[in-house]
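The values are calculated or read from the model by the stated rules, or taken from the named source; none is laboratory data. Computed from a prediction, not measured in an experiment: that's the story for all the values here. Here the Cβ positions follow ideal geometry from the backbone for every residue, glycine too, while neighbour counts run over all protein chains shown. In case anyone asks, the SASA skips ligands and DNA or RNA and just uses the protein heavy atoms, side chains included. Shrake-Rupley method; radii C 1.70, N 1.55, O 1.52, S 1.80 Å.
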Amino acid sequence: MKIRIKFRKYGVMKFIGHLDIMRYFQKALKRAGIPVSYTEGFSPHMIMSFASPLGVGLTSDGEYLDFEMAEGLSSIQGVERLNAVMTEGIEILSFLRISEEKSQNAMSLVAAADYEVCFCPGKEPGIKSKGEECSAPSWKEAFSDFLDQPEIRVTKKSKKAERELDIRPFIYEARVDGETIFLRLSAGSVTNIKPELVLEAFFLYLGQSMEPFSLRIHRKELYAAQEGGEARTFVSLESLGSLF
Amino acid sequence: MKSLALSDEILLTIEKPARYLGNETHAVMKNKEEVAIRFCMCFPDVYEIGMSHLGIQILYDLFNRREDTWCERVYSPWVDLDKLMREQGIPLFALESQDPVRDFDFLGITLQYEMCYTNVLQILHLAGIPLHAARRTEADPLVIGGGPCAYNPEPLADFFDLFYIGEGETSYPALLDAYKSNREQGGSREDFLKIAARIPGIYVPSLYEVTYKEDGTIASFTPRDPQIPARVEKQLVTDLNQVSYPTKPLVPFIKVTQDRVVLEIQRGCIRGCRFCQAGMIYRPTRERDAGKLMDYSREMLAATGHEEVSLSSLSSSDYSQLPQLVDFLIETAGQEGVNISLPSLRIDAFSLDVMSKVQDIKKSSLTFAPEAGTQRMRNVINKGLTEEDILKGAALAFAGGWNKVKLYFMLGLPTETEEDIRGIPRLAEKIAKRYYEIPKEERNGKCQITISTSFFVPKPFTPFQWASMDTQASFLKKAHMVNQEMKEQLNKKSMRYNWHEAEVSVLEGVFARGDRRLCKVLEKAYENGCLYDSWSECFYLEGWQKAFAETGIDPAFYTSRARSREEILPWDFLDVGVSKAFLLKEWDKSQEEQVTPNCRQACQGCGAGKYRTGVCKENREEISCENTN
Ligand code: SF4
């Protein structure tokens, strides 16, 4: 059967990169005695797939991992057994059964992600003004002006090339909550917008440039899109699974 | 949640931040207020190397089993972080608590190879502990060294408060108890060192005085106090089944060298190769029960989630219960998708059969360590591997489908002639011939023979401890000769040749048989910027050359100078079981090209029989190998 686990990544574990998190789960699933299925062949390995790699330095409340396993334990046992072998900084939130269909893979489903972004102390825009003052009294008001633009053009760098892109349509939701910026951004294999990209554009809009290590980013949730009716709706990857 | 010693900004700037976080599975957390002793265990090299070391895992587990002790770890910060720590004055910290190492009671440093010595100074320096033991105060940790290089601790004598000679399981409990009771009684650091020096296996360098003759050799080596023993006795575990084993080893987040469950099947080696220090200092050979190891493998695989299990020993083929153990591993571990790796196996029908079951023949290569190119030379070094054995093994392997062979040799061995050097590629040629004798249809392509040579470094407590070490120029000439000779072989296209850098070997030779006077060279070299000497990308030869020049010390005194049989060697004050008389006899026999049977064939009365354990006791009613000193 196909299983999806949702987990939280926090604390010192934010410094562990994606590939090492994969290794971590390979070993942790074995420690927990989860009957994970292996590929055939001379050096069998677990069949598992992560929804969307989380960058080093980011924390998250909504990470997903899918894998195949043999029957023999319940959702509750799955959560318990895994949490019993986790190190501090990873917590299993749910252990659910999902559809067997290939198209239902976490990785291929991801369409959007929620983020909470804060500025590191002293790294807010407009505070350390270098000559040019921005017109809005605080970055919070400036941020809503920034979002009101019809388009937000950025240069998106990938490994191979740079390209110009209007990211405004991919910012599905954005608001300021206290000192935190909430963002719902397009994610997944088609158009993956990182929150850093949005914030860099914001700094540019203010005529400033973002220094490295200015942001604290926390991923809240990952979503799949459901087409139907007029509007696209987003449902969390977790809600596609069921308790068993 | 714990706070880290390094800022987010630093951790996101440096390579592999996971090296500095702790928090690994099975890392031990305790409340520092509730323990009496805080011990920081250090492997002075990068995390990935240090985390792969079984000895540290054993001691970490042993110490943390004590309620009164919290043992943590530290490794050498890699050069990127090293630079930032110096610039920003960040003190070296232990991984578990992230507390400064300076605040600990003990800093234990394992000394696995000479080329980590500058890293030892880096550790002390970054921790903010005075480099010289003499300058430390009550507030500083006690710095204790151990591991194979502690069998000649003298080149590090100034920097350590104490050394532990031998296997840690034995005297550490007494040492920690003594530390606690000394402190409870209000005793000073000096008081403790005097007490410690009387615990078996503990050497306190500051309590011994060394004088020198005019020719630079040692005139006397004596305790400064009549209560301090003149000889320090190596510690060893008499029954490996009675000591604890780390069945919940640390599981790192990043890939390390040894990313697998390690089963230590035995300690010591019965063979008696004359160049090999491990084969002498760990005598006698002692086995761990296969039944115990089977239990450990089950427990450890479950506790770690590792996907590979490996055996650790100097010569696995000599482990008497190998067939049972291997069968068990193949049956149980193999079923759960766990790979089995079997290093240090002699190539014969048994091992090939086993290996064909556990590895992909097409991808794996076979390793032979003839160590020398001719039978004459192999007799000199007492490597009981004949050309016949090698060729037979290779032929069997080729018939079984293997086509990759790795051959390891040493250059610069005592009595070596041109014939012996040229014999190296010639042996490779004979192996290649065996391969091409197989009908074309049955072979799988070309064979690949990789010849590697390292330069021989004479080590303390071996029969070659009196030998003169080759010079750098001569080493390079010899490597060149091997290369030339290889090009003259018929099957040269199937061969490849690598050799080690000679400079590092020469330096290793200096420190391996060095004395206290080298402490100042080491300190200078460190000041000149030498660090991570075992990493070729970091090795800084000029820094070392300058250090020798500045201190007026001639490296040749330690390397190429031949020692007389009467000379007091810097490590003579250690009693490792194996007697000087035995080593001298072996040194003489090597000159006569005579081989010595191994411990199982015929006991040689080497001196290690006094421990009355292991192979010395096997199949023998009485211990016949005593009183040979
Ligand atoms: S005393 Fe004999 S059996 Fe024991 S280690 Fe020495 S040579 Fe081997």
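Restricted to strands (runs of 3 or more DSSP E) entirely inside region B:71-172, no element has at least 2 residues that are open to solvent by 10 Å² or more (accessible area, probe 1.4 Å), modelled with pLDDT of 95 or more and more than 22 Å from B:Ile49 (Cβ to Cβ). Taken together, the residues in region B:234-269 that are in contact (Cβ under 8 Å) with a residue 60 or more places away in the chain, within 16 Å of the ligand (Cβ to nearest atom) and touching a Leu at 6+ places or on another chain (Cβ under 9 Å) amount to 3.
Could you grab the pairs with beta carbons closer than 8 Å, sequence gap of 6+ or different chains, first residue in region B:431-453 and open to solvent by 70 Å² or more (accessible area, probe 1.4 Å), second one assigned to a loop (DSSP other than H, G, I, E, B) and of a type in the set (Ser, Thr, Tyr)? Going by the 8 Å Cβ cut-off, the qualifying pairs are B:Gln448/B:Ser365.
In region B:273-310, how many residues are in contact (Cβ under 8 Å) with a residue 12 or more places away in the chain, within 14 Å of chain A (Cβ to nearest Cβ) and out of contact with any strand residue (DSSP E or B) (no Cβ under 8 Å at 6 or more places or on another chain)? Count: 3.
Just name the residue that is surrounded by the most Cβ atoms within 10 Å (Cβ to Cβ) out of those in region B:29-48 that are more than 14 Å from chain A (Cβ to nearest Cβ) and in a helix (DSSP H, G or I). Talk me through it step by step, then tell me what you get.
Step one: filter region B:29-48 for residues more than 14 Å from chain A (Cβ to nearest Cβ), giving B:30-46.
Add one more test, that the residue is in a helix (DSSP H, G or I), and what stays is B:32-34.
Numbers: B:Lys32: 14, B:Glu33: 5, B:Glu34: 9.
Looking at residues that are more than 14 Å from chain A (Cβ to nearest Cβ) and in a helix (DSSP H, G or I), I get B:Lys32.
Of the residues that make up region B:284-296, is at least one touching an Asp or Glu at 6+ places or on another chain (Cβ under 8 Å), at negative phi and more than 16 Å from the ligand (Cβ to nearest atom)? Yes, region B:284-296 contains a residue that is touching an Asp or Glu at 6+ places or on another chain (Cβ under 8 Å), at negative phi and more than 16 Å from the ligand (Cβ to nearest atom). Between B:Asn64, B:Asn23, the distinction of being at negative phi and either within 14 Å of chain A (Cβ to nearest Cβ) or open to solvent by 10 Å² or more (accessible area, probe 1.4 Å) (or both) belongs to B:Asn64 only.
Within region A:151-244, which strands (runs of 3 or more DSSP E) (wholly inside it) include 3 or more residues that are aliphatic (A, V, I, L, M)?
Details: elements: A:153-157, A:162-166, A:171-177, A:180-186, A:215-226, A:233-236.
Filter on region A:151-244 gives A:171-177, A:180-186, A:215-226.
Assigned to a helix (DSSP H, G or I) and open to solvent by 30 Å² or more (accessible area, probe 1.4 Å), is that true of B:Thr257? Criteria not met by B:Thr257.
Would you confirm whether or not region B:246-254 contains a residue that is part of a loop (DSSP other than H, G, I, E, B), within 14 Å of chain A (Cβ to nearest Cβ) and open to solvent by 20 Å² or more (accessible area, probe 1.4 Å)? Yes, that holds for at least one residue.
Show the residue pairs meeting these rules: Cβ distance below 6 Å; 6+ apart or different chains; first residue within region B:597-612 and open to solvent by 50 Å² or more (accessible area, probe 1.4 Å); second residue within 6 Å of the ligand (Cβ to nearest atom). These pairs meet every condition: B:Cys603/B:Cys625.
Considering region B:280-318 alone, what residues qualify as being part of a loop (DSSP other than H, G, I, E, B) and open to solvent by 10 Å² or more (accessible area, probe 1.4 Å)?
B:Tyr282, B:Arg283, B:Asp289, B:Glu307, B:Ser313, B:Leu314, B:Ser315
Looking only at region B:391-424, which residues are open to solvent by less than 20 Å² (accessible area, probe 1.4 Å), assigned to a helix (DSSP H, G or I) and out of contact with any Lys or Arg (no Cβ under 8 Å at 6 or more places or on another chain)? Correct list: B:Ala397, B:Gly423, B:Ile424. When residues in region B:338-374 are screened for being aromatic (Phe, Trp, Tyr) and not in a strand (DSSP E or B), 1 of them pass.
Conditions (1) within 14 Å of another protein chain (Cβ to nearest Cβ); (2) free of Cβ contacts under 8 Å to residues at least 60 places away in the same chain; (3) closer than 21 Å to B:Arg260 by Cβ, marked per residue:
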residue: B:Ile14; (1), (2), (3): yes, no, no
residue: B:Ala18; (1), (2), (3): yes, no, yes
residue: B:Ala27; (1), (2), (3): yes, no, yes
residue: B:Gly50; (1), (2), (3): no, yes, yes
residue: B:Leu54; (1), (2), (3): no, no, yes
residue: B:Leu59; (1), (2), (3): no, no, yes
residue: B:Asp68; (1), (2), (3): no, no, no
residue: B:Asp82; (1), (2), (3): no, no, no
